[in-house]
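Take a look at the structure set out below.
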Amino acid sequence: MSLVAEALVSQIAAAEPWPENATLYQQLKGEQILLSDNAASLAVQAFLQMCNLPIKVVCRANAEYMSPSGKVPFIHVGNQVVSELGPIVQFVKAKGHSLSDGLDEVQKAEMKAYMELVNNMLLTAELYLQWCDDATVGEITLARYGSPYPWPLNHILAYQKQWEVKRKMKAIGWGNKTLDQVLEDVDQCCQALSQRLGTQPYFFNKHLNIWKFTVHVLSKSGLENFEHYFTIMPTELDALVFGHLYTILTTQMTNDELSEKVKNYSNLLAFCRRIEQHYFGKGSSSIRLS
């Protein structure tokens with residue numbers, strides 16, 4: 001999104017409060033939506049939950065073609081339609097809701113770098129599996145993607161989408177990768193995320209400008225006061241990572257190789273359970289360990 005477009009969206013969005021009838025659109029949940037789109041939708045839902053903003057999820061067979069960018073999910077808020085997590089984050093920020101305002105500039109740059117890592121590795125791996133892995137394409141993708149449409153349109157749309165994704169894979173250097181190489185990329189991404197998360201509940205310490213406390217420290221020069229403004233709260237990075245990892249862990253694929261890469265990192269599993277239970281009100285987790 002250009003700077004001019006961002007400024008225009010911000011000006012329009014800030015004029016109205018968040019409505020109670022805000023709606024998120026995605027493909028049909030049970031029989032159509034694919035792994036990557038489900039992950040993207042869940043990431044946006046998690047982000048809005050973290051912002052404490054109500055959203056109604058509506059499933060439409062043609063959601064991909066309703067979207068202004070051709071990608072899901074998209075939200076309909078008032079008279080505005082915004083698609084994909086990045087622009088939605090900016091739209092929500094213009095209405096006065098931000099999860100990353102408490103980060104300093106270094107932390108914001110680091111957060112953006114990790115979000116790029118997730119999109120470049122996890123999202124691309126999901127697309128590869130869906131459209132370039134023959135077993136997954138034959139057993140899952142073609143049937144689900146074209147399920148709402150009659151023959152031969154179901155096949156035409158599916159093969160058109162597959163051609164688009166394969167062209168993208170060639171453009172970014174993934175066209176000749178093997179499945180083992182893709183899974184290795186996923187493992188490296190999970191390792192980086194696991195190391196960054198460590199033992200924290202979320203990825204970043206955030207400065208608080210409202211709640212603060214003073215610690216008195218006795219030093220060589222006397223009694224000194226230090227005001228601390230730190231807390232651990234989620235950011236849009238947490239929403240993005242949760243969307244992808246949780247969907248990988250809970251989606252039935254032709255085999256468990258992808259989910260097993262995530263299960264190697266116990267803190268990422270705990271992270272997904274934490275967000276699932278706290279923001280989606282589930283007393284027991286849907287994540288399978290075996």
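Taken together, the values in this text are just the output of simple stated rules run on the coordinates, not laboratory data. Everything quoted here is computed from the prediction, not taken from an experiment. Methodologically, a virtual Cβ is constructed for each residue, glycine included, from the backbone with ideal geometry; neighbour enumeration extends over all protein chains shown.
Annotations for the structure displayed:
- FRET E, pair Asn205, Ser98, Förster distance 22 Å, beta-carbon r, rounded to 0.05: 0.85
- Spin-label model, Gln195/Thr254: points 7 Å from Cα along the beta carbon direction are separated by 3.2 nm.
- Legend: calculated FRET efficiency, His155 to Gln188, from the Cβ-Cβ distance at R0 = 35 Å, rounded to 0.05, equals 0.45.
- Length added when fully stretched, Ala135-Glu20, from 0.36 nm per residue minus Cα-Cα: 37.1 nm
- Pairs over the 30 Å Cα-Cα cut-off, from the set Lys29/Lys206; Lys93/Lys261; Lys29/Lys108; Lys112/Lys177: Lys29/Lys206; Lys93/Lys261; Lys29/Lys108.
- Separation of the Asn119 and Lys71 label points, Cα + 7 Å toward Cβ, nm: 0.6
- At R0 = 25 Å, FRET efficiency that the Cβ-Cβ distance of Gln80 and Arg60 yields, to 0.05: 0.90
- The distance linking the range 184-204 with the range 82-115 is 19 Å (Cα centroid to Cα centroid, whole angstrom).
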